[in-house]
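**Student:** My structure is below; once you've seen it, I'll send some questions.
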Amino acid sequence: MRLLSRKATCNTHGQDSSYFLGWQEYEKNPYDEIKNPTGIIQMGLAENQLSFDLLESWLANNQDASGFKKDGQSIFRELALFQDYHGLPAFKKAMVEFMAEIRGNKVTFDQNKIVLTAGATSANETLMFCLAEPGEAFLLPTPYYPGFDRDLKWRTEVEIVPIQCTSVNDFKITAPALEEAFQEAQKRNLRVKGVLVTNPSNPLGTTITRNELNLLLSFITEKGIHLISDEIYSGTVFSSPGFVSIMEVLKDRNCESTQVWNRVHVVYSLSKDLGLPGFRVGAIYSNDDMVVSAATKMSSFGLVSSQTQYLLAALLSDKKFTRNYILENQTRLKQRQQLLVKGLEKAGISCLKSNAGLFCWVNLKHLLSSNTFDAEMELWKEIVHQVKLNISPGSSCHCTEPGWFRVCFANMSEETLNLAVQRLKSFVESMNNNRSHHQLLKNSRRKSLTSKWVFRLSFDHDRESEER
């Protein structure tokens with residue numbers, strides 16, 4: 001008799017992905033400017049640490065909120081007691097208003113249609129439980145966030161079918177790619193229940209265009225399926241083109257009275273825009289009352305604490321602060337991204353042009369020993385173990401082309417980023433020197449062989465002449 005469940009013993013969590021293995025290597029030898037200056041620099045973690053000072057300043061000036069007080073009186077006991085899983089109304093109101101502000105108030109959100117979850121991980125998994133049965137499928141454009149293999153599949157047993165996007169058009173979603181993925185699912189006898197996209201994209205660091213969003217809406221309308229738009233990076237857009245939410249396109253297409261209105265769902269969290277992944281605050285927004293009801297019941301397995309809700313309700317309700325924070329954070333992200341891009345350019349390394357996110361999609365194809373994913377893994381291991389940088393290989397993101405890597409820039413100081421770039425630059429120079437030396441040896445051998453053959457031919461000719 002088996003003592004443990006199939007779920008406990010299966011190996012489908014995705015923990016053996018190079019994306020997570022890189023973290024493990026980092027944790028064995030983490031870089032520290034003082035204690036371990038030769039350690040591994042973590043560039044595989046999409047955290048936003050650039051604007052903590054703004055948050056800390058607000059906390060220092062709003063001690064009632066941070067001390068769980070209201071009008072100077074402690075409300076600790078009230079917050080410590082059990083709370084309804086629907087969430088605190090004040091927080092839900094502040095949350096939907098913040099979401100609208102990030103989107104330039106071009107769309108508004110109803111607080112009765114939002115479900116609070118313990119981060120976006122929980123939100124995405126909950127939507128899978130609501131929208132699909134085990135063995136049914138969602139289509140995802142590649143490359144996509146490696147954690148989706150865990151978040152969407154592990155417990156739900158939903159399948160992922162990739163929408164193959166390529167660098168030919170900067171990895172944009174196309175109608176043929178959508179249809180090809182749909183047909184592939186059918187060949188595998190998988191019923192497609194929807195499409196999931198991240199906008200802005202993780203790992204590309206780009207916003208999805210309005211044309212692509214219209215294409216997606218037309219596709220799900222034709223197929224009668226769902227669309228999930230994971231918009232957790234929506235507040236990180238630091239340059240044009242600006243962010244366009246799927247809710248804005250729905251509104252522009254006057255979809256309110258159509259069936260597709262209830263088949264589009266948005267995931268959001270405060271992990272990236274506010275840099276608070278440890279607070280575990282995520283959300284599902286849906287116009288479908290049954291989805292909201294079911295997801296709310298499921299949220300009891302991953303609630304946001306009352307203390308967290310109270311504190312963030314006060315912070316997000318401070319409109320002067322949120323307005324300043326959004327603008328300043330985007331300015332800092334832009335400066336940091338440019339620092340990385342320019343540093344890589346000096347090392348002869350190019351990136352996909354990006355306008356959002358906490359990372360760059362970096363092209364290291366010219367460093368591969370061959371145009372294969374095996375060569376990509378060889379290069380990745382060298383970068384982790386020799387260069388001492390943890391970056392995420394494109395294969396972990398299901399990229400169709402070897403040689404792309406996701407490199408994060410917002411989870412470290414400017415000095416650490418400069419050091420990381422210098423390490424990579426030295427590595428590239430070393431590789432180029434080795435290749436030049438190898439080519440010189442190769443040319444030298446070829447010249448030596450040629451000389452020997454010329455000498456031999458000349459010797460044979462002279463000998464023949466003497467014999468004649």
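The values are calculated or read from the model by the stated rules, or taken from the named source; none is laboratory data. On a predicted model such as this, the values are computed, not experimentally measured, just so you know. Don't worry about glycine lacking a Cβ; one is built from the backbone with ideal geometry, like all the others, and counts go over all protein chains shown. The accessibility values were calculated without ligands, DNA or RNA, using every heavy atom of the protein model including side chains. Shrake-Rupley method; radii C 1.70, N 1.55, O 1.52, S 1.80 Å.
**Student:** Please identify the pairs in which a residue from segment 30-41 that is without any contact (Cβ under 8 Å) to a residue 12 or more places away in the chain and under 13 Å from Ala420 (Cβ atoms) has its Cβ atom under 8 Å from the Cβ atom of a residue that is open to solvent by less than 70 Å² (accessible area, probe 1.4 Å) and assigned to a loop (DSSP other than H, G, I, E, B), counting only partners at least 6 apart or on another chain.
**Tutor:** As it stands, the answer is Pro37/Tyr31, since those pairs meet every condition given.
**Student:** Moving on. Filter segment 95-148 down to the residues that are in a loop (DSSP other than H, G, I, E, B), of a type outside the set (D, E, K, R), in contact (Cβ under 8 Å) with a residue 40 or more places away in the chain and more than 26 Å from Ile160 (Cβ to Cβ) and list them by number.
**Tutor:** Hits for segment 95-148 are Gly104, Val107, Phe109.
**Student:** Follow-up question, since we're still on this one. Take the residues in segment 376-391 that are part of a helix (DSSP H, G or I) and touching a Gly at 6+ places or on another chain (Cβ under 9 Å); name whichever of them is farthest from Lys425 (Cα to Cα).
**Tutor:** So the residue we want is Glu376.
**Student:** For segment 139-166, which residues satisfy the criterion of being under 19 Å from Leu215 (Cα atoms) and either in contact with a Phe, Trp or Tyr (Cβ under 8 Å, 6 or more places away or on another chain) or open to solvent by less than 10 Å² (accessible area, probe 1.4 Å) (or both)?
**Tutor:** Passing the criteria: Leu139, Leu140, Pro141, Thr142, Pro143, Val161, Pro162, Ile163, Cys165.
**Student:** For Pro203, state whether it is closer than 22 Å to Ile284 by Cα and in contact with a Lys or Arg (Cβ under 8 Å, 6 or more places away or on another chain). Show your work before the answer.
**Tutor:** Working: closer than 22 Å to Ile284 by Cα: yes; in contact with a Lys or Arg (Cβ under 8 Å, 6 or more places away or on another chain): yes.
The answer is yes for Pro203.
**Student:** Sticking with this one: From the residues in segment 355-372 that are in contact with a strand residue (DSSP E or B) (Cβ under 6 Å, 6 or more places away or on another chain) and outside any strand (DSSP E or B), which one is farthest from Gly235 (Cα to Cα)?
**Tutor:** Leu364
**Student:** Would you tally the residues in segment 54-77 being over 28 Å from Thr331 (Cα atoms) and not basic (Lys, Arg)? Give the steps one after another, and end with the answer.
**Tutor:** Step one: list which residues in segment 54-77 are over 28 Å from Thr331 (Cα atoms), which gives 64, 67-77.
If we keep only those that are not basic (Lys, Arg) as well, we get 64, 67-68, 71-76.
The total comes to 9.
**Student:** Same structure again: Against the condition within 16 Å of the chain's Cα centre (by Cα) and at pLDDT below 95, how does Leu311 come out, does it pass?
**Tutor:** no
**Student:** Looking only at segment 77-92, count every residue that is surrounded by 12 or more Cβ atoms within 10 Å (Cβ to Cβ) and over 27 Å from Leu358 (Cα atoms) and tell me the total. First the steps, then the outcome.
**Tutor:** In the first step, residues of segment 77-92 are kept if they are surrounded by 12 or more Cβ atoms within 10 Å (Cβ to Cβ); the result is 78-80, 83, 85-92.
Of the ones still in play, those that are also over 27 Å from Leu358 (Cα atoms) are 78-80, 83, 85-90.
So the answer is 10.
Residue-wise test of (1) open to solvent by less than 50 Å² (accessible area, probe 1.4 Å); (2) among the hydrophobic types (A, V, I, L, M, F, W, C); (3) assigned to a helix (DSSP H, G or I).
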residue: Cys399; (1), (2), (3): yes, yes, no
residue: Val407; (1), (2), (3): yes, yes, no
residue: Asn411; (1), (2), (3): yes, no, no
residue: Leu419; (1), (2), (3): no, yes, yes
residue: Gln422; (1), (2), (3): no, no, yes
residue: Ser426; (1), (2), (3): no, no, yes
residue: Ser430; (1), (2), (3): no, no, yes
residue: Asn433; (1), (2), (3): no, no, yes
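**Student:** In segment 315-362, what residues are open to solvent by less than 40 Å² (accessible area, probe 1.4 Å), among the small types (Gly, Ala, Ser) and closer than 29 Å to Lys93 by Cα?
**Tutor:** Ala356, Gly357 - these are the residues of segment 315-362 that are open to solvent by less than 40 Å² (accessible area, probe 1.4 Å), among the small types (Gly, Ala, Ser) and closer than 29 Å to Lys93 by Cα.
**Student:** Can you pull out every residue in segment 363-397 that is surrounded by 18 or more Cβ atoms within 10 Å (Cβ to Cβ), among the small types (Gly, Ala, Ser) and farther than 18 Å from Ser201 by Cβ?
**Tutor:** Result: no residue meets the conditions.
**Student:** When you scan segment 187-198, do you find a residue that is in a helix (DSSP H, G or I) and modelled with pLDDT of 95 or more, even just one?
**Tutor:** So far as segment 187-198 goes, yes, one or more of its residues are in a helix (DSSP H, G or I) and modelled with pLDDT of 95 or more.
**Student:** Another question, then. Kindly indicate whether any position in segment 86-109 is at pLDDT below 95, charged (D, E, K, R) and more than 18 Å from Glu248 (Cα to Cα).
**Tutor:** Taking every residue of segment 86-109 in turn, none turns out to be at pLDDT below 95, charged (D, E, K, R) and more than 18 Å from Glu248 (Cα to Cα).
**Student:** So, one more: Looking at the structure I just gave you, is Thr372 of a type in the set (S, T, N, Q) and closer than 22 Å to Arg150 by Cα? If you could, list the steps in order and put the result at the bottom.
**Tutor:** Details: of a type in the set (S, T, N, Q): yes; closer than 22 Å to Arg150 by Cα: no.
For Thr372, the condition - of a type in the set (S, T, N, Q) and closer than 22 Å to Arg150 by Cα - is not met.
**Student:** Hey, another quick one. Kindly establish whether Asn61 is within 30 Å of Lys381 (Cβ to Cβ), more than 22 Å from the chain's Cα centre (by Cα), surrounded by 10 or more Cβ atoms within 10 Å (Cβ to Cβ) and at pLDDT 85 or above.
**Tutor:** Numbers: within 30 Å of Lys381 (Cβ to Cβ): no; more than 22 Å from the chain's Cα centre (by Cα): yes; surrounded by 10 or more Cβ atoms within 10 Å (Cβ to Cβ): yes; at pLDDT 85 or above: yes.
Criteria not met by Asn61.
**Student:** Another question, then. Can you tell me which of (1) touching a helix residue (DSSP H, G or I) at 6+ places or on another chain (Cβ under 7 Å); (2) buried (at least 18 other Cβ atoms within 10 Å of the Cβ); (3) outside any helix (DSSP H, G or I) is the one Met298 doesn't meet?
**Tutor:** (3)
**Student:** Only one of these conditions is not met by Val387: (1) closer than 23 Å to Val237 by Cα; (2) in contact (Cβ under 8 Å) with a residue 40 or more places away in the chain. Which number is it?
**Tutor:** Among (1) closer than 23 Å to Val237 by Cα; (2) in contact (Cβ under 8 Å) with a residue 40 or more places away in the chain, Val387 violates only (1).
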